[in-house]
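The values are calculated or read from the model by the stated rules, or taken from the named source; none is laboratory data. Just so you know, these numbers come straight off a predicted model, no measurement behind them. Please note: Cβ atoms are built from the backbone with ideal geometry, for glycine as well, and neighbour counts cover all protein chains shown. Please note that ligands, DNA and RNA were not included when accessible areas were found on the heavy atoms of the full protein model with its side chains. Shrake-Rupley method; radii C 1.70, N 1.55, O 1.52, S 1.80 Å.
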Amino acid sequence: MTMVRTTPPALPVRDKQNTRALSPMLTRLAEERATGVLVREHGVLYLAEGRVVHAESPHAPGLDVLLTAHGTLAGAAWQRAAARTPGPLHAAELLLDSGVLPTGALELCHLDALYDAGYFALAPSSTPGRFRYDSAPRLGPLPSVPVVALERETLRRRLLLHRLWPDPAADSAPLIRADPAAGRTPAAGRAPAAPVAPRQRAVLDRVDGLRTAADIARNLGRQAFHTLVDVRRLTAAGHVSPTAPAPPVTAPLPPHPVTTDPDIALLKRLRDALEAL
C-alpha cells in the first residue's frame, strides 16, 4: 500500500489584539449571562444577562452632560427625571417613556456615553475588580452591547490614540499651552506645528494649566475619548503639553547634633583659654 503525504490545512490566524480579553472577570460574567455591577478602578460597568447596559467613569461626561450641553434636552427636564429615579439609566428610560426625547436621539447619546465611559472602565488597573450580583435581570428599553463589542472598540481606540501620539501623559494631567515663541523647533518626534482645526481650537481655547482632558470634555459637552483624540493631535503638533509632575516633598534635614561629650567640652575650654593668652 502506498502512503500519500498531504499537507494539513492551515489554521486561520486569529487577531490577538481583537480576541485578547481586557478583563477576564468581565469575560467570565458575559459567559455566565450575569446581571449586576462590575466596579473597576477607573469606572463601573452595569451588566444585564451578560450584556453591558450602562457604564460610568469619573473620566468621562455622563449621559446627562451629553444630552443637556447642546440643547438636546433641557437641564431642568433631566433634573426632574433624575429626582424621580434611582440612577441615570432609569432617568433616561423615564424620559424615553414620557416622550420628552426622540427615541433615536436618546439611544444614540446612550450608546455614546456607554462606549465612552466603558473605554476608561476597561483601562489597565492596579487593583482587582469587584462584581455585585443582582437577582433582578432587566435589560430595559435602551440598547445594550455585547462585552466582546465593547472590548473590541476599546482596543481600537487605544490603537488610534497610540498612532496619533504614543505618550499618554497628556490624557490625565493638567494641560498647558506650548511656548508661543515664533520659529521654535518642535520637540523630537513631533511634526511641525500645523494650523489648528476648528474642533481642536475649541479644546485649545480651554487649556489653562488647570484643566485636564476630562475637564475640557465636560466643559464642551463632548465625549471624553473624542477630546483625547484632539489633545493627542495638539500634543503631537506641539501646541500643548502636560504639566510636569510636582517634585516630591522632602523633609528638611535635622540640625547637626550638639556634642555633649565632657572631654571634648574640656578641650574646647582649654583652646579658648590658650587663645586668650
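With respect to the stated conditions, Ala182 fails to be on the phi < 0 side of the Ramachandran plot, in a helix (DSSP H, G or I), at pLDDT below 95 and exposed (fewer than 13 other Cβ atoms within 10 Å of the Cβ). Comparison of Leu95, Leu114, Leu139, Leu106 shows that the only residue that is crowded, with 19+ Cβ neighbours inside 10 Å and more than 25 Å from the chain's Cα centre (by Cα) is Leu95.
Among the listed residues Arg218, Arg211, which satisfies the condition of being part of a loop (DSSP other than H, G, I, E, B), of a type outside the set (Ser, Thr, Tyr), within 30 Å of Ala74 (Cβ to Cβ) and at pLDDT 95 or above? Break it down stepwise before answering.
On the way: Arg218 fails: part of a loop (DSSP other than H, G, I, E, B).
Sole residue among the options that is part of a loop (DSSP other than H, G, I, E, B), of a type outside the set (Ser, Thr, Tyr), within 30 Å of Ala74 (Cβ to Cβ) and at pLDDT 95 or above: Arg211.
Residue pairs whose Cβ atoms lie under 8 Å apart, separated by 6 or more positions or on different chains, with the first residue in region 83-108 and over 13 Å from Leu67 (Cα atoms) and the second open to solvent by 30 Å² or more (accessible area, probe 1.4 Å) and of a type in the set (D, E, K, R), are Leu94/Arg84. If I filter region 117-127 down to residues being assigned to a loop (DSSP other than H, G, I, E, B) and touching a residue at least 24 places away in the same chain (Cβ under 8 Å), which single residue comes out as least open to solvent (accessible area, probe 1.4 Å)? For region 117-127, the residue satisfying everything is Leu122.
Is it fair to say Leu89 is in contact with a strand residue (DSSP E or B) (Cβ under 7 Å, 6 or more places away or on another chain) and modelled with pLDDT under 90? In short, yes.
The condition of being in a helix (DSSP H, G or I) and farther than 28 Å from Ala170 by Cβ holds for only one of Leu96, Leu47, that being Leu96. Applying the set (1) over 28 Å from Ala217 (Cα atoms); (2) modelled with pLDDT of 95 or more; (3) of a type in the set (Lys, Arg) to Arg51 leaves exactly one unmet item: (1).
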